[in-house]
Structure formats: C-alpha cells, structure tokens
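The values are calculated or read from the model by the stated rules, or taken from the named source; none is laboratory data. Computed from a prediction, not measured in an experiment: that's the story for all the values here. Don't worry about glycine lacking a Cβ; one is built from the backbone with ideal geometry, like all the others, and counts go over all protein chains shown.
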Amino acid sequence: MLDRKFIRKAPDTVREGIKKKGVEFDIDGFLELDDRMRSLIHEVEKLKHERNVSSEKISACKKEKKNCDDLLAAMKKTSNRIKEIDVEVKDIGERLDELELDIPNMPHETVPYGTCPDHNVHVKHWGEVEDLPFEPEPHWDIGEKLGILDMGGGSRLSGRGFVVLRGAGALLSRALVSFMLDLHIEQGYEELSVPYMVSRDCMIGTGQLPKLEEDMYFCEKDDLFLIPTAEVPVTNLLRETIIDAGELPIKYTSFTPCFRREAGSYGQETKGLIRVHQFDKVEMVKFVRPEDSYEELESLLGDATVVLEKLQIPYRVIELCSMDLSFAAAKCYDIETYAPGVQRWLEVSSCSNFEDFQSRRANIRFRREKCGKPELLHTLNGSGLALPRVIATILELNQTPTGKVRIPEVLVPYMGGREYLEA
C-alpha cells in the first residue's frame with residue numbers, strides 16, 4: 001500500500017507508476033474523495049469548536065437565569081451537522097481504504113519500461129545448455145516411463161492440474177526440499193514451519209487481495225485462504241510488530257505446499273509439471289532496513305541461484321519490465337532454467353523487493369533507537385526454489401539414451417546413495 005501523503009504530494013509520479021504497470025485506476029477520483037474527506041474533517045473540527053463555545057455560553061446564560069432557547073437551537077443544529085459529517089467521513093474513509101488497496105506499488109526507477117515479457121532484460125547467464133545427442137523427451141513422458149509421475153492419479157483424485165509423485169519421484173522431491181533448506185540455513189536463514197491456511201488480513205497484507213482473489217482457493221465457512229506461497233504466512237508472522245533495528249536483517253526460510261487456481265491457463269501450459277494447482281516450494285523472506293533493501297535483493301538473488309549452481313543446472317536471470325512486475329513488487333528478477341524436452345525456459349524463482357508496500361499494509365515497523373519513532377521496514381522474498389519445474393528440468397536435462405535420469409551429485413546423499421532414476 002502506498003503512503004496517502006505521497007499520493008497527495010506526488011500524484012503525477014503515482015499516475016506514471018500506475019501507467020507503467022499497466023493498471024487502470026482513477027487517481028484523480030481518489031484524490032477528489034480524499035480532498036472531500038479532509039474538507040469535511042476541517043469543517044467538523046470547526047463546528048466542534050463552535051459547539052464548545054456555545055456550551056460555555058449556555059452554561060453562563062443559565063447561571064444568570066437568562067433565556068437561552070436561541071443558543072440551544074443553534075447548538076442542536078450544529079450537533080446535527082456534526083453527526084451528518086461524521087457519517088459521511090466514515091463512509092468516504094471506508095471507500096478510500098478500499099480504493100487504496102487497488103493501487104499497485106510503484107516500479108523502482110531502475111526497472112525497465114515494457115509492456116510484455118519480450119521487454120524483460122537478460123542480466124545473467126550461468127552454465128551452458130548442451131544439445132543432447134538424441135531426441136529429448138518431455139518430462140511427463142520420462143516420468144511415466146520411470147513410474148515416478150502419475151498425472152492420471154492426480155486427475156482422478158482432484159481433477160486436472162494435480163499430480164501424484166510416486167516412489168523415487170516422491171523421494172526426489174523430498175531430497176530437493178531437504179537440500180534447499182539445509183543450504184538456506186547455512187546462508188543464515190531461520191527455518192519456519194507455518195500454517196497452510198491464512199486469514200483475509202494476511203492475504204491483504206502481502207498484496208494478494210483484493211486483486212488476485214479469483215486465483216486463490218478460499219474456504220468460505222472459515223474465511224480462510226489456502227496459501228499461494230509461504231511468503232504470505234512468513235511475512236505476516238511479524239504483522240503489527242515493532243522490531244529493534246539491531247535484529248535486522250531478519251531472514252526466514254520455509255517449505256510449504258502452494259495452492260493456486262491458475263485461472264486462464266490452457267494448452268501446453270497445463271501439461272506435466274509446468275503449471276499445476278498444488279505444488280511444493282521453499283521460500284526465502286527478508287525484513288531489512290530501507291537503505292539496505294536493494295543490496296539485500298542482490299544477495300537474495302545470489303542465495304537462490306546458488307541452489308541451481310550446486311545442482312549443476314544452467315540458468316538465466318531476467319529483470320522484469322514494468323508491466324510484467326507483480327502488483328506488489330517494486331523490482332523483481334526471475335530465474336529460469338531450460339528444459340530441452342519442451343524446448344522452453346521455465347521460471348523456477350522470482351526474487352522481489354516490495355520496499356514498504358507490504359509492511360505498510362501489515363504494519364511491520366522497526367526502531368533505529370530505543371525511544372525512536374517507529375519506521376516501516378522493507379520486505380523481500382524469493383523462491384528457493386519451486387519444485388515442479390526444477391524436477392521437470394532435472395528429468396529433461398539429465399535424461400540419457402537408455403531412459404535413465406542422472407541425479408545431480410549434490411542430491412545423491414539425500415537419495416540414499418542412488419545416482420540414477422530408472423525403471
């Protein structure tokens with residue numbers, strides 16, 4: 001959420017930021033409402049002062065046993081107007097609060113302007129994608145032949161977009177989670193095990209609501225949402241708190257399943273593990289001083305990419321252009337791996353800086369000094385990593401002519417010494 005004072009002070013900057021993100025929002029209408037509310041507040045404060053003065057005059061008049069009917073009538077009229085204004089201010093305030101949640105975060109000044117993914121900027125490439133000496137198969141065919149990927153079972157249980165991992169496939173998933181958590185703990189992150197369902201306030205706090213509500217799984221009876229990412233519960237763990245500056249940066253990591261409707265997905269996007277409604281992910285979340293947040297973003301990106309380097313998976317880093325940024329992000333890098341079977345680069349991580357957008361919504365603050373004024377801190381998060389596309393990449397990148405799939409060396413100890421997936 002943006003600071004309302006900032007919106008008033010720099011409407012052109014906000015208007016331009018909204019345009020760069022490709023979001024439609026009537027900022028002029030918002031400011032007119034805001035002006036109306038401030039005008040009413042000024043009027044009601046004046047009327048309350050007048051009422052206090054009238055009350056003193058009436059008191060004096062009664063002591064002198066004079067007729068004060070005119071004063072009483074005038075004060076009643078003033079009191080009625082105050083009630084009218086209070087109702088209008090409350091209504092306008094609630095409307096402004098609702099509208100404010102629809103204003104996206106402003107893209108950072110370094111974010112390239114662009115209207116589609118083609119305008120994203122490649123900033124780093126690691127490793128070489130070598131041509132396989134045979135026709136590569138897609139991961140869903142490899143997985144079914146190895147007996148580790150059961151798409152039909154997932155569909156029978158829950159419908160299209162759900163997957164069952166079997167045997168060594170489930171073990172590979174567990175190995176990846178354990179490896180990533182161990183690595184992130186070495187990097188200084190504290191591991192958290194968090195609930196998989198959160199309140200509406202939590203979803204608003206990190207910016208999923210109200211904009212993305214249709215993409216979320218909602219338990220109406222309890223007014224709880226299945227989490228789309230561990231970012232939501234982990235970030236909101238510190239909501240409504242004031243942190244001592246000496247504790248910053250705070251770094252958390254958490255493994256959770258993630259639930260997303262993925263409305264509008266179709267065709268090749270929905271095959272295999274590329275886009276599913278439930279998937280596992282290891283997340284990293286940081287709470288940092290504002291002046292450190294962009295240095296911390298680069299550090300976060302490094303913490304995510306080292307996972308792929310240790311897995312010996314080539315990757316590229318993409319800086320997202322303005323219209324490809326998420327609603328809440330000020331700047332974001334995507335990390336992509338190449339899957340030769342589907343001949344596509346697959347996003348396996350997004351590393352974002354939200355600046356104070358989430359902390360203002362969730363009221364997460366810090367004090368630089370013991371008795372200092374609380375300030376909003378900056379929040380960041382990054383996937384470290386999302387499992388389905390990592391597994392898809394491993395299956396396709398490490399497939400062999402004999403049908404076996406080589407397990408990345410760093411995972412072998414987590415796989416009980418197994419070096420290959422084989423039927």
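Candidates are the residues of region 232-263 that are in contact with a helix residue (DSSP H, G or I) (Cβ under 6 Å, 6 or more places away or on another chain) and in contact (Cβ under 8 Å) with a residue 60 or more places away in the chain; the one that is surrounded by the most Cβ atoms within 10 Å (Cβ to Cβ) is Thr235. Taking region 310-333 as the range and being assigned to a strand (DSSP E or B) and under 14 Å from the mean Cα position of the chain (by Cα) as the test, the residues that pass are Lys331, Cys332, Tyr333. Within region 331-346, the set of residues being touching a helix residue (DSSP H, G or I) at 6+ places or on another chain (Cβ under 7 Å) and under 21 Å from Thr229 (Cβ atoms) comprises Lys331, Tyr333, Ile335, Thr337, Leu346. Applying the selection to region 173-220, what residues are under 19 Å from Val234 (Cα atoms) and hydroxyl-bearing (Ser, Thr, Tyr)? Of everything in region 173-220, those that are under 19 Å from Val234 (Cα atoms) and hydroxyl-bearing (Ser, Thr, Tyr) turn out to be Ser178, Tyr189, Ser193, Tyr196, Ser199, Thr206, Tyr217. Determine, yes or no, whether Ser173 is of a type in the set (Gly, Ala, Ser), in a helix (DSSP H, G or I) and either without any contact (Cβ under 8 Å) to a residue 12 or more places away in the chain or not assigned by TED's automatic domain parsing to the domain that holds Thr393 (or both). Against the criterion (of a type in the set (Gly, Ala, Ser), in a helix (DSSP H, G or I) and either without any contact (Cβ under 8 Å) to a residue 12 or more places away in the chain or not assigned by TED's automatic domain parsing to the domain that holds Thr393 (or both)), Ser173 does not qualify. Take the residues of region 104-131 that are buried (at least 16 other Cβ atoms within 10 Å of the Cβ) and over 20 Å from the mean Cα position of the chain (by Cα): which is farthest from Asn353 (Cα to Cα)? Among those that are buried (at least 16 other Cβ atoms within 10 Å of the Cβ) and over 20 Å from the mean Cα position of the chain (by Cα), it is Val129.
Summed over region 145-163, residues that are part of a helix (DSSP H, G or I) and buried (at least 16 other Cβ atoms within 10 Å of the Cβ) total 3. The single residue among Leu149, Leu165 that is in contact with a His (Cβ under 9 Å, 6 or more places away or on another chain), in the same structural domain as Tyr338 (by TED's automatic domain parsing), within 20 Å of Val342 (Cβ to Cβ) and in contact (Cβ under 8 Å) with a residue 12 or more places away in the chain turns out to be Leu149. Within region 115-139, track down each residue that is assigned to a loop (DSSP other than H, G, I, E, B) and closer than 26 Å to Pro290 by Cα. Residue satisfying the conditions is Asn120 alone. Sub-6 Å Cβ pairs linking a first residue in region 266-291 that is over 25 Å from Leu176 (Cα atoms) to a second residue that is modelled with pLDDT of 95 or more and aliphatic (A, V, I, L, M), at least 6 apart or interchain, are Phe287/Ile250; Phe287/Leu377; Val288/Leu248; Arg289/Leu248, ordered by first then second residue. Looking across region 371-400, the residues that are outside any strand (DSSP E or B), surrounded by fewer than 24 Cβ atoms within 10 Å (Cβ to Cβ) and either touching a Ser or Thr at 6+ places or on another chain (Cβ under 6 Å) or modelled with pLDDT under 95 (or both) come down to Cys371, Gly372. Here is a check on your reading of the model: is Pro210 of a type outside the set (D, E, K, R), under 15 Å from the mean Cα position of the chain (by Cα) and loosely packed, with under 15 Cβ neighbours inside 10 Å? Taking the combined requirement at face value, the residue satisfies it. Just one residue in the set Glu319, Glu283 is in contact with a helix residue (DSSP H, G or I) (Cβ under 8 Å, 6 or more places away or on another chain), assigned by TED's automatic domain parsing to the domain that holds Ile394 and either acidic (Asp, Glu) or surrounded by fewer than 20 Cβ atoms within 10 Å (Cβ to Cβ) (or both); that residue is Glu283. Taken together, Ser193, Ser199 contain a single residue that is small (Gly, Ala, Ser) and either in contact with a helix residue (DSSP H, G or I) (Cβ under 9 Å, 6 or more places away or on another chain) or free of Cβ contacts under 8 Å to residues at least 60 places away in the same chain (or both), which is Ser199. Within region 335-361, which residues are of a type in the set (Gly, Ala, Ser), outside any strand (DSSP E or B) and surrounded by 24 or more Cβ atoms within 10 Å (Cβ to Cβ)? Answer for region 335-361, where residues must be of a type in the set (Gly, Ala, Ser), outside any strand (DSSP E or B) and surrounded by 24 or more Cβ atoms within 10 Å (Cβ to Cβ): just Ser359.
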